[in-house]
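Visitor: The structure is given below, and queries will be raised subsequently.
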Amino acid sequence: RALHSPAVDLWDALVFLSGQLGVGLLVLLQLNWFSILLGASSLGLVVLYPLMKRITYWPQLILGMTFNWGALLGWSAVHGSCDWAVCLPLYTAGICWTIIYDTIYAHQDKVDDLRLGIKSTAIKFGDDTKAVLSVFGGLMVGGLALSGLQCGQTWPYYSAVAVVTAHLANQLLTLKINNPSDCGQKFLSNQRVGLILFLGIILGNLLKEKPASACEDNPVLNK
């Protein structure tokens, strides 16, 4: 958005972008080949997203697909491939979460967006926003729970999911879609959702049972 003001010119923006892309490429090249190809395949979404606001009422969907690519990349960076039974529910949950918080954010700008011909899920859902986002909230929680089940998560993780569920329910029940200040506060409150889930994942992994050693698993070596 700074490009629309005199604060930043196009050349400065290109230099800044090139630096960010260069650092990102250096990080990506440290990973395994599967992850390198997976990371590179997200570039199409990165390019596509800014154009979607002029084309579809669902730019938040494309944003979610782009932002949450890390749910796939993080797993493959550690394991060398994706366990889709774990990664896809987590990825889907992330997409649903993005649709929720960015729709709330978009309600702040909907008057100007309508005047400028910019599309968004806030305009698409209109007065049904709370009901529709409740569906996405249910899908998000279901995806988080399924992903946890598939990778053997423990009670701290599910406790975090329960807290997130309560947070989302309160957020949507009290949301005032025609009050930009309230929408802004609700949008920012989603920072806590990410922190809660992060802590739940860390603590949940710490309580997982450690796999038996190679000697314990091998009847020959165990004699």
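The values are calculated or read from the model by the stated rules, or taken from the named source; none is laboratory data. Note that the structure is a prediction, hence the values are computed from the model and not measured. Please note: Cβ atoms are built from the backbone with ideal geometry, for glycine as well, and neighbour counts cover all protein chains shown.
Visitor: Restricting attention to segment 102-155, which residues are assigned to a helix (DSSP H, G or I) and on the phi > 0 side of the Ramachandran plot?
Guide: Gly126
Visitor: Right, here's the next one. Which one of Ile104, Ile118 is among the hydrophobic types (A, V, I, L, M, F, W, C), modelled with pLDDT under 95 and under 16 Å from Gln60 (Cβ atoms)?
Guide: Ile118
Visitor: Return the residues of segment 76-101 that are part of a helix (DSSP H, G or I) and more than 24 Å from Leu188 (Cα to Cα); say none if nothing qualifies.
Guide: Selection gives Ser76, Ala77, Val78, His79, Trp84, Ala85, Val86, Cys87, Leu88, Pro89.
Visitor: Here is a list: Leu63, Leu43, Leu31, Leu38. Which entry is farther than 30 Å from Lys110 by Cα and within 17 Å of the chain's Cα centre (by Cα)?
Guide: Answer to the check: Leu38.
Visitor: Just checking, which of Cys87, Cys82, Cys96 is at pLDDT below 95, within 30 Å of Phe34 (Cβ to Cβ), of a type in the set (A, V, I, L, M, F, W, C) and out of contact with any Cys (no Cβ under 6 Å at 6 or more places or on another chain)?
Guide: On inspection, the qualifying residue turns out to be Cys82.
Visitor: Looking at Leu139, Leu116, Leu168 in this structure, which one is in contact with a helix residue (DSSP H, G or I) (Cβ under 9 Å, 6 or more places away or on another chain), farther than 15 Å from Ser189 by Cα and of a type in the set (A, V, I, L, M)?
Guide: Leu139
Visitor: Considering only segment 126-139, I want to know if a residue exists there that is crowded, with 19+ Cβ neighbours inside 10 Å, within 18 Å of Trp58 (Cβ to Cβ), touching an Asp or Glu at 6+ places or on another chain (Cβ under 9 Å) and of a type in the set (Ser, Thr, Tyr).
Guide: no
Visitor: Which pairs have Cβ atoms under 8 Å, sit 6 or more apart or on different chains, and link a residue in segment 41-53 that is within 17 Å of Ala71 (Cα to Cα) to one that is surrounded by 12 or more Cβ atoms within 10 Å (Cβ to Cβ)?
Guide: Matching pairs, first to second residue: Ser42/Thr66; Ser42/Trp69; Ser42/Leu73; Leu45/Ile62; Leu45/Met65; Leu45/Thr66; Leu45/Trp69; Val46/Thr66.
Visitor: While we're on this one: Could you list, in sequence order, the residues of segment 60-79 that are farther than 18 Å from Leu28 by Cβ and small (Gly, Ala, Ser)?
Guide: Answer for segment 60-79, where residues must be farther than 18 Å from Leu28 by Cβ and small (Gly, Ala, Ser): just Gly64.
Visitor: Being of a type in the set (Phe, Trp, Tyr), closer than 30 Å to Gln30 by Cβ and in the same structural domain as Leu195 (by TED's automatic domain parsing) is the requirement here; does Trp155 meet it?
Guide: Taking the combined requirement at face value, the residue does not satisfy it.
Visitor: Within segment 169-191, can you find the residues that are exposed (fewer than 13 other Cβ atoms within 10 Å of the Cβ) and of a type outside the set (S, T, N, Q)?
Guide: Leu173, Leu188 - these are the residues of segment 169-191 that are exposed (fewer than 13 other Cβ atoms within 10 Å of the Cβ) and of a type outside the set (S, T, N, Q).
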